[in-house]
Each structure stands twice: as structure tokens, then as C-alpha cells.
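Q: A single structure is presented below for examination.
The values are calculated or read from the model by the stated rules, or taken from the named source; none is laboratory data. All figures in this text were calculated on a predicted structure; none of them were measured in a lab. Note that we place each Cβ from the backbone using ideal geometry, even for glycine, and neighbour counts take in every protein chain shown. For accessibility, only protein heavy atoms count, side chains too; no ligands or nucleic acids. Shrake-Rupley method; radii C 1.70, N 1.55, O 1.52, S 1.80 Å.
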Amino acid sequence: RAGEAQHATLEAKEKAGTITPGEQRLLEAYAGAKHQIQPDPKKVARANAQMRGGYASAAERVRSNSWGAETDFLPRQGLWECLGMMLLGMALFKSGALTLGWSTRAYATMLVLGYGIGLSVNAWEIHYVVSNHFGVAAAMLPWTLTYDLGRIPTTLGHVALAMLVVRSGMFRGVLKAFSATGQMALTNYLAQS
């Protein structure tokens with residue numbers, strides 16, 4: 001609600017002509033966020049009609065969205081996010097974390113810390129958004145400030161859990177069936193793409 005009150009104040013300042021350039025940028029950012037979270041029903045209906053109208057109209061809808069993702073999102077955020085995750089994966093591999101090179105105690109520590117930190121952040125995000133009645137500013141907070149603080153430790157918890165399961169030998173038969181697939185990683189990646 002605080003974000004919505006601030007938005008109303010900024011709109012009033014804009015109408016009165018007393019808004020500063022910084023406040024104008026904040027107002028525009030809020031409008032963009034609100035558009036993403038609460039889109040115009042007419043635009044939603046138009047998008048649904050395009051997606052259900054046949055191949056040509058659906059392809060045009062996808063093309064326009066893809067263009068924005070590949071020319072705007074990818075160079076500003078997506079590429080760097082992917083590179084960061086790849087570097088984290090390479091560091092885990094080099095350290096032996098992905099090849100059962102760590103002790104059971106080290107995996108258990110990573111599991112407890114990863115889930116403890118990550119799930120706590122995620123729980124706080126959910127509480128914050130719900131307690132602020134799903135307001136636009138509240139819903140944007142996890143995507144701007146706390147997203148990586150929740151997902152990276154949780155992912156490390158998942159890695160530790162997977163390694164502990166593999167080490168235990170509980171699903172040896174199932175894992176053996178996947179080992180051939182793991183040896184064909186590039187082929188599988190290209191085939192599913």
C-alpha cells in the first residue's frame with residue numbers, strides 16, 4: 001500500500017507540474033511494473049485472440065515478444081544472469097561438488113545452509129507480497145532485490161540433496177538408466193531444442 005500511496009503522490013505532483021526528473025523516472029518505472037503485473041484487459045483479450053487465431057497470428061505475437069526479449073532483456077540482464085549461473089556451475093564442478101568429491105558432511109552443510117537461507121528469503125518474499133495485498137510495488141520487490149538471495153542458496157540446497165541421494169545409492173537402478181543420457185548431453189540438448 002505504501003508503494004501505491006507514493007504512486008498517487010507522484011501522479012499528483014506530475015499533474016501539478018512540480019515533479020522532479022528523478023520522481024518522473026520513478027513514476028514511469030512504476031507504470032511499467034504495473035503494466036507487467038496488471039495488464040490492460042483489452043490487451044489481454046487481443047493477445048488471446050492472436051494466440052488462438054491460427055499459426056500466422058500466433059507466430060506474429062511470438063515474434064514481437066521474442067524480439068523484445070532478444071534485443072532488450074538478453075543484453076541487459078539475461079546474458080549476464082546465464083553467464084553468472086554457468087560460472088557458479090563451473091566452480092561447483094571444479095571444486096568436486098558435482099562429482100561426489102565432497103564429504104557427506106560438506107554436502108549436508110550446503111543443504112542446511114542453502115535451504116535455510118534460500119527458503120527463508122522465499123518465505124519472507126511471499127509474506128511481504130501477501131501482507132501488502134499483492135500491490136504492484138510489493139510484487140516487484142522479489143524480482144528486483146531479493147530474487148537471487150532466495151534462488152541461489154535454494155539451488156545449492158537442491159545440488160547438495162541430489163548429491164546425497166546419489167551417494168546413498170538409494171536410486172541406483174533409476175540413476176543408471178539416466179547415465180547413458182548424461183553421456184549424450186549435447187545430443188539431447190540439440191534434440192530437445
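Q: Under the definition of Cα pairs under 8 Å and six or more residues apart, what whole-number percent is the relative contact order of the stretch 112-169? Walk me through the numbers on the way to the answer.
A: Details: 40 pairs, mean separation 31.1, N = 58.
Reported relative contact order: 54 percent.
Q: Test of understanding: in a Gaussian network model of the chain with alpha carbons linked when under 10 Å, which of Ala45, Ala91, Ala106 would top the mean-square fluctuation ranking?
A: Of Ala45, Ala91, Ala106, the Gaussian network model singles out Ala45 as fluctuating most.
Q: What is the Cα coordinate range of the chain on the first, second and third principal axes, sorted by size from largest, in whole angstrom?
A: The Cα atoms of the chain stretch 68, 44, 27 Å along their principal axes.
Q: Can you give the accessible area of Thr104 in Å² (nearest 10), computed on protein heavy atoms with a 1.4 Å probe?
A: 70 Å²
Q: What whole-number value in Å² describes the accessible area per residue of the stretch 100-193 for a 1.4 Å probe?
A: Accessible area per residue: 67 Å².
Q: On each of the three principal axes of the Cα atoms of the stretch 26-124, give max minus min coordinate, whole Å, ordered largest first.
A: On the principal axes, the stretch 26-124 reaches 56, 31, 27 Å in Cα extent.
Q: Below 25 Å, Cα to Cα, which lysines can Lys176 reach? Residues fewer than 8 away in the same chain don't count.
A: Output for Lys176: Lys94.
Q: Here's a follow-up. Which FRET efficiency value, to the nearest 0.05, do you get for Val174 and Ile126 by plugging their Cβ-Cβ distance into 1/(1 + (r/R0)^6) with R0 = 25 Å?
A: For R0 = 25 Å, the calculated efficiency reads 0.20.
Q: At a Förster radius of 25 Å, what calculated FRET efficiency corresponds to the Cβ-Cβ distance of Ala58 and His133, to the nearest 0.05?
A: Between Ala58 and His133 the formula returns 0.10.
Q: So how do Ile117, Ile126, Ile152 rank on accessible area, 1.4 Å probe, biggest first, that is with the largest at the start?
A: Largest accessible area first, the residues go Ile126, Ile117, Ile152.
Q: Please identify, among Gly22, Gly118, Gly84, the residue showing maximal mean-square fluctuation in a Gaussian network model of the chain using a 10 angstrom Cα cutoff.
A: Taking springs between Cα atoms under 10 Å, the residue moving most is Gly22.
Q: Related question: With the chain treated as a Gaussian network of Cα nodes joined by springs under 10 Å, which of Lys13, Lys94, Lys42 yields the largest mean-square fluctuation?
A: Looking only at Lys13, Lys94, Lys42, the largest GNM fluctuation is found for Lys42.
Q: Relative contact order of the chain: what whole-number percent is it, with Cα pairs under 8 angstrom and at least 6 residues apart?
A: 23 percent
Q: Now, a different point. Can you list the lysines whose alpha carbon is less than 20 Å from that of Lys15, not counting same-chain residues fewer than 8 positions off?
A: Within reach: Lys34.
Q: Taking every alpha carbon pair in the stretch 121-193, what does the distance histogram look like in 10 angstrom bins from 0, in percent?
A: 17, 25, 24, 22, 11
Q: Same structure again: Figure the gain on full extension for Ala5 and Arg151 (residue separation times 0.36 nm, minus the Cα-Cα span) and round it to one decimal in nm.
A: Separation in residues times 0.36 nm, less the Cα-Cα distance, equals 49.6 nm.
Q: Take the solvent-accessible surface of the protein heavy atoms, probe 1.4 Å, and return the percent of it on the stretch 7-94 that carbon and sulfur atoms account for. Walk me through the intermediate numbers first.
A: On the way: 4230 of 6750 Å².
Carbon-and-sulfur percentage of accessible area, whole number: 63.
Q: Any chance you could list P(r) for the stretch 92-161, counting all Cα-Cα pairs in 5 angstrom bins from zero, rounded to whole %?
A: Pair shares across the bins are 4, 18, 21, 17, 13, 10, 8, 5, 3, 0.
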